[in-house]
Structures are given as C-alpha cells and as structure tokens.
Amino acid sequence: MPQADNSAATCYIDGKWVPAADGRTRQIHCPADGQLVATVSEGGRADAEQAVAAARRAFDEGTWSTGSAWDRGDLLLRVADILVRDKDEFARAESLDTGKRLVESEYDMDDIAACFRYFGKIAGTDAGSLVDTGTPDAISRVQYEPVGVCGMITPWNFPLLQVAWKVAPAIAAGDTFILKPSELTPATAILLMRALEEAGLPAGVGNLVLGSGSEVGSVLAEHPDVDLISFTGGLHTGRKISAMAAPTVKKVALELGGKNPNVVFADADFDTAVDFALTAIFLHSGQVCSAGARLIVQDELHDALVDEIVRRAEQIRIGGPFDDDAETGPLISAAHLQKVDDYVQKAVSEGAVLRTGGERPEGERYANGHYYLPTVLDEVKQGSYAVTEESFGPVLTVERFTDEDDAIRIANDTHYGLAGAVFTGDPAKAQRVANRLRHGTVWINDFHPYLPQAEWGGFKQSGIGRELGRAGLGEYQEAKHVYQNLRPGPQNWFSAK
Ligand code: NAD
C-alpha cells in the first residue's frame with residue numbers, strides 16, 4: 001500500500017523530478033519471487049492537476065506545437081539511440097517489474113526503439129495537401145495539426161511498448177502529454193522520461209505522474225484542459241474512461257481487450273499449426289491482448305491437434321526472468337492469479353473439459369511467485385463464459401467447426417475484435433477468411449507479428465481509433481492489417497520434444 005516518504009522523486013512534472021505532493025510512495029515487487037525492486041512516488045489528484053497545467057501551458061505557448069516537425073523527429077531519433085545504448089538497463093527494469101523473461105524484454109526494447117525511429121522518420125514528411133478549388137482566385141489546403149494536451153493511461157503487460165505507441169506519435173505530431181503508466185510497472189516509464197529529458201524535450205511537453213487509475217487516471221479522463229485521452233487496458237476500465245470523458249467531449253482513443261480466434265483448417269501444416277497455437281496463447285503466460293486464446297479447429301483435425309498441444313504445453317518450462325531454462329514466466333500479481341484461476345474453475349463448472357493445467361505449479365522455486373500452469377480447456381461451448389470473457393492468462397479454449405462458413409461464424413461470435421489468425425494450406429481460402437474476420441489484425445499462417453508502419457487497433461468493443469501507422473480515412477473507415485507468412489514453419493519458441 002502507498003506509504004508516506006519523501007525520498008522517491010519519480011514523478012516528472014514541468015521538467016522537474018518531484019515526489020508526490022503528499023509524500024506518498026509505492027513499493028514495487030517482482031512477480032517472479034516477490035523481491036522488493038523499487039520504491040516510487042505515488043501521485044494523486046494534485047500531482048495530476050499540476051501536470052495537466054504544465055502540459056496545457058507548454059502546448060498553448062505554441063513554440064513546441066507549431067515548431068519544426070523535423071526537429072521533433074530528430075528528438076525521437078535521439079531517443080531511439082538512447083534506447084539502443086541503454087537497452088540492458090531498460091530490459092532488466094522491465095523484467096523485474098513484470099517478471100517476464102529477460103530475452104522477451106530485450107525483444108520489446110528493440111520494438112520500442114523501432115517505434116521511436118519510425119515516428120522520428122515520418123515526422124514532417126506529410127504536412128498536408130492542396131485542394132483543387134476550381135478557381136485561380138482562391139487557394140485551399142488541408143493541413144495536419146496536433147490535437148493538444150493528451151492524457152495517456154497504459155497497462156502492465158508490455159509496459160514500455162504501450163507507452164511508446166502513444167508517446168512517439170504524440171511527439172511527432174506536436175502534442176503535449178501527461179503519462180500515467182500502470183501502477184504495477186512504473187520503472188521503464190521513469191527511464192523513458194529520463195531519455196526524453198536527455199534528448200532535449202522542453203519542460204512541460206512530457207509529464208509523468210505515477211499512481212493509481214482511480215486517482216491519477218480519472219483526473220486525466222475528466223479534466224477540461226485535456227483534449228485527448230488515450231487509454232490501453234481492459235474493456236471495463238475503457239467503458240469507465242469513455243463515460244468520464246463524455247462531459248468534456250474529449251477525443252477518446254481506446255485499445256482494449258481481445259478474445260482472439262485462432263482458426264486452424266484440416267489442410268494446415270500440422271507442425272506449424274501446433275507450434276503457433278502454443279506461442280499464440282502461452283507467450284508471456286497469455287498476458288497479451290492479442291493472445292490466441294480461442295483455438296477454433298476443424299472437426300477432423302481436432303483430436304490430433306489438441307492431443308499434441310496438450311503434450312507440448314506440459315513440457316513448457318516456467319521460471320523467473322533470469323532463469324536460463326525458463327520459457328515463460330509468472331502472472332503479474334496475486335490478484336490476477338486468483339482471477340485466472342476463478343476463470344478456469346467457472347469454465348469447468350460450465351462443462352469445459354480440463355485437459356491440462358488448471359492449477360499452480362508445485363515446488364519451492366514457485367513458492368513466492370504468481371505462477372500458473374499452461375492450461376487447455378477442450379469442448380467449450382459457443383456463447384459460454386469461457387469463450388466470451390478474457391482470462392488474460394495461460395488458458396487456451398478449444399472449439400470445433402465443420403466448414404469455412406462455420407469457422408467464420410464462430411470466430412466472429414464475440415463482442416471483441418482485436419486480432420485473429422487463420423492456418424491453412426490453401427492461399428485463396430486464407431484470403432477469404434482473413435477478409436471476413438471482424439478483427440483489427442489478421443495473421444495468416446503466423447501469430448503475433450505487428451509492424452510499426454501498419455496500423456493496430458480493435459474492431460467492435462476492442463477499441464476506438466488506431467495506433468501505429470498512418471491514420472486511415474477518419475472515423476468512417478476501419479483499417480485492417482492483414483499479414484501473411486509466405487514461408488510458414490515451426491518457430492519453436494517453446495522447445496519441441
Ligand atoms: P486495466 O484496465 O486494469 O488498467 C490499465 C490502466 O488503467 C492502468 O494504468 C490503471 O491504473 C488504469 N485505470 C484503472 N482504473 C482506472 C480508472 N477508473 N480511471 C482511469 N484509469 C484507470 O488493465 P490492465 O489489467 O493493466 O491490462 C490488461 C488489459 O489491457 C487486458 O484487458 C488487455 O487485453 C488490455 N490490453 C490491450 C492492448 C491493446 O493494444 N488493445 C494492449 C495491452 C493490453
């Protein structure tokens with residue numbers, strides 16, 4: 001629980017590192033073994049309001065927001081260089097906060113540097129366009145302008161990646177911002193603000209307020225001086241944020257949860273389908289918004305595919321971020337572990353067949369961490385709790401389909417629409433299915449890759465607006481990213497035996 005202590009000065013407001021106004025702090029513990037990894041400032045309403053005032057002043061002054069976009073791009077490129085230079089420090093900090101394997105944090109840091117580099121390169125390349133007026137007596141142009149002061153609220157699963165997807169484009173556009181990362185994983189946001197400071201971000205342009213969603217996050221969502229609230233997190237929090245933003249008619253960008261279908265046809269390459277099904281759900285213990293949590297498999301392949309997935313899932317080695325032999329890590333917190341277990345027990349009580357997992361691993365090694373075994377729930381019913389709700393843990397549910405139409409109907413039968421995949425040996429079928437899946441990203445014979453230059457965002461209740469890439473045609477068009485692996489084969493993220 002937050003405590004009173006003035007020693008932590010880890011909020012960054014108006015160009016200064018400051019403690020929380022009321023001196024509270026929060027202790028951060030590693031989910032892998034419970035060790036204390038940091039004590040940070042625990043900001044509240046007063047800190048958030050101060051940060052909004054700083055961001056408003058920095059925007060309204062106009063020097064930053066109407067200044068050179070090329071200069072803002074250069075700043076982003078310098079941040080990318082710092083991320084490369086200090087990659088080890090960033091990756092270690094991310095692993096200690098999240099419990100994820102160090103190698104995964106290192107991959108994340110590469111992606112984050114690429115994100116800063118991408119937005120650094122496109123800043124200033126598209127200032128707008130001339131419009132044909134049909135007369136020599138008038139000129140007309142469309143130009144792009146920053147939205148203003150942006151409130152940013154981010155989750156704990158890919159802490160710095162989610163921050164980067166908001167901060168980098170906001171800087172490129174000339175916005176100012178107040179960032180509130182998840183209270184569970186603040187370390188890399190602090191490091192990023194230091195990098196921005198080193199790269200020359202002017203005072204007030206970027207502000208960091210650590211603290212809870214109910215205190216700091218709600219100020220950002222409600223404050224009349226915030227023009228845009230950009231949120232990544234759970235659906236229920238997203239609904240609350242939309243409601244809080246409504247009285248001031250803020251622009252709202254939401255990247256929410258997913259219940260992502262992974263459709264496997266009988267003509268798919270078997271080893272590839274097994275391998276990607278495992279990576280899709282068990283990477284980062286399923287704490288991935290785009291995790292392939294719903295395996296939807298053609299009847300005739302069902303038994304062989306599920307048997308092999310269960311066999312392989314039982315071989316996945318679990319451990320802490322710095323254990324050389326670990327292939328996946330713990331859940332983020334004791335509360336989340338309980339939530340995942342409750343989800344599994346409820347699914348089983350509704351008739352799901354527990355094929356493996358459904359409990360914590362045994363052994364001294366796991367005693368102080370929030371570990372849960374890779375779990376497979378077979379024969380789940382369409383429309384049941386298990387297939388409609390996100391577990392956000394290492395839990396795969398299995399449904400069957402008969403033909404192409406049946407597969408699409410089942411895969412689209414969810415209020416979420418974040419991502420999905422189709423595995424088949426028939427390229428034409430792959431395209432047909434990808435076109436009909438109502439999900440914002442669709443992978444063909446692959447799972448998980450995303451590109452900074454391609455857009456990311458949810459259909460239906462998975463979100464409002466898109467991140468990455470260039471904006472599509474306003475709010476009246478969805479942009480779907482379809483990614484096709486033309487040389488599919490096992491990737492052996494989890495070692496095959
Ligand atoms: P969460 O919704 O509990 O919290 C996310 C953030 O919102 C945190 O910073 C939290 O402090 C803040 N918050 C909580 N209550 C708030 C309130 N009342 N007002 C303002 N802010 C509030 O989500 P989480 O548990 O941190 O993350 C997991 C969820 O995030 C999953 O549902 C996952 O699917 C989703 N997610 C989506 C994407 C995407 O790109 N679509 C990416 C990552 C995670």
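The values are calculated or read from the model by the stated rules, or taken from the named source; none is laboratory data. Quick caveat: nothing in here was measured; it's all calculated off a predicted structure. Here the Cβ positions follow ideal geometry from the backbone for every residue, glycine too, while neighbour counts run over all protein chains shown. Areas reflect the complete protein model, heavy atoms only, side chains present, ligands, DNA and RNA absent. Shrake-Rupley method; radii C 1.70, N 1.55, O 1.52, S 1.80 Å.
What the phi angles of the stretch 164-173 give under the Karplus curve with 6.51, -1.76 and 1.60, with θ = phi - 60°, is a coupling list of 4, 5, 9, 5, 5, x, 5, 5, 4, 7 Hz, glycine and proline written as x.
Taking the convex hull of the alpha carbon positions in the chain and averaging its projected area over all directions gives 24.4 nm². Which value results for Rg/Rh of the stretch 288-413 when Rg is the Cα radius of gyration and Rh the Kirkwood radius based on the inverse mean 1/r? Dividing the radius of gyration by the Kirkwood radius yields 0.99. The mean sequence separation of alpha-carbon pairs under 8 Å and at least six residues apart, normalised by the residue count of the chain, gives a relative contact order of 15 percent.
Pair-distance distribution of the stretch 11-255: all C-alpha pairs, bin width 5 Å, starting at 0; shares per bin in whole percent are 1, 7, 14, 18, 19, 17, 12, 6, 3, 2, 1, 1, 0, 0, 0. Between VAL103 and ASP132, the FRET efficiency estimated from the beta carbon spacing at R0 = 41 angstrom works out to 0.15. Think of each Lys and Arg Cβ as +1 and each Asp and Glu Cβ as -1; about the Cα centre, that makes the dipole of the stretch 261-484 roughly 780 debye. Applying 1/(1 + (r/R0)^6) with R0 = 35 Å to the Cβ-Cβ distance of GLU350 and GLN35 gives a FRET efficiency near 0.40. Taking the full set of protein chains and a 1.4 angstrom probe, give the accessible area of MET152 in square angstrom, rounded to the nearest 10. The value for MET152 is about 0 Å². Please give the Cα centre distance for the stretch 27-60 versus the stretch 144-213, rounded to the nearest Å. Each part reduced to its Cα centre gives a spacing of 11 Å. The phi torsions of the stretch 129-140, fed into the Karplus equation with coefficients 6.51, -1.76 and 1.60 and a -60° offset, translate into couplings of 8, 7, 10, 6, 8, x, 9, x, 9, 8, 10, 8 Hz, rounded to whole numbers, with Gly and Pro shown as x. Between the amide H of HIS29 and those of VAL37, distances stay under 5 Å, these residues lying 5 or more places away or on another chain, with hydrogens modeled in the peptide plane.
Amide H to amide H distances under 5 Å link ALA291 with no residue, where only residues 5 or more positions off or on other chains count and H is placed in the peptide plane.
Taken over the stretch 96-202, the alpha-carbon convex hull comes to 123 cubic angstrom per residue. Calculated mean residue ellipticity at 222 nm for the chain: -11000 deg cm²/dmol, from DSSP H runs with n ≥ 4 weighted as -39500 (n - 2.57), summed, divided by the residue count and rounded to 500.
Once a ≥ b ≥ c are taken as the square roots of the eigenvalues of the Cα gyration tensor of the stretch 159-224, is the result rounded (a/c under 1.5), prolate (a/b larger than b/c) or oblate (a/b not larger than b/c)? Could you put the intermediate results ahead of the total?
Details: a/c = 1.77, a/b = 1.26, b/c = 1.40.
Here the stretch 159-224 falls in the oblate category.
Each Lys and Arg contributes +1 and each Asp and Glu -1, all at the Cβ; summed about the Cα centre of the stretch 223-365, the dipole is approximately 980 debye.
Close amide H partners of GLY206, meaning residues 5 or more places away or on another chain with modelled amide H under 5 Å apart, are PHE177. Were the residues from ALA335 through SER212 laid out at 0.36 nm apart, the gain over their Cα-Cα distance would be 42.7 nm. Note on the stretch 261-484: percent of Cα-Cα distances in each 5 Å bin, starting at 0 and stopping at the bin with the largest distance, equals 1, 7, 15, 19, 19, 16, 12, 7, 3, 1, 0. A simple rule links phi to the HN-Hα coupling: the Karplus curve 6.51 cos²θ - 1.76 cosθ + 1.60 with θ = phi - 60°, which for the stretch 329-339 gives x, x, 7, 5, 7, 4, 5, 5, 4, 4, 5 Hz, with x for Gly and Pro. For the stretch 1-133, the convex hull spanned by the alpha carbon atoms encloses 160 Å³ per residue.
Put SER242, SER65 in order of accessible area, highest first, and with a 1.4 Å probe you get SER242, SER65.
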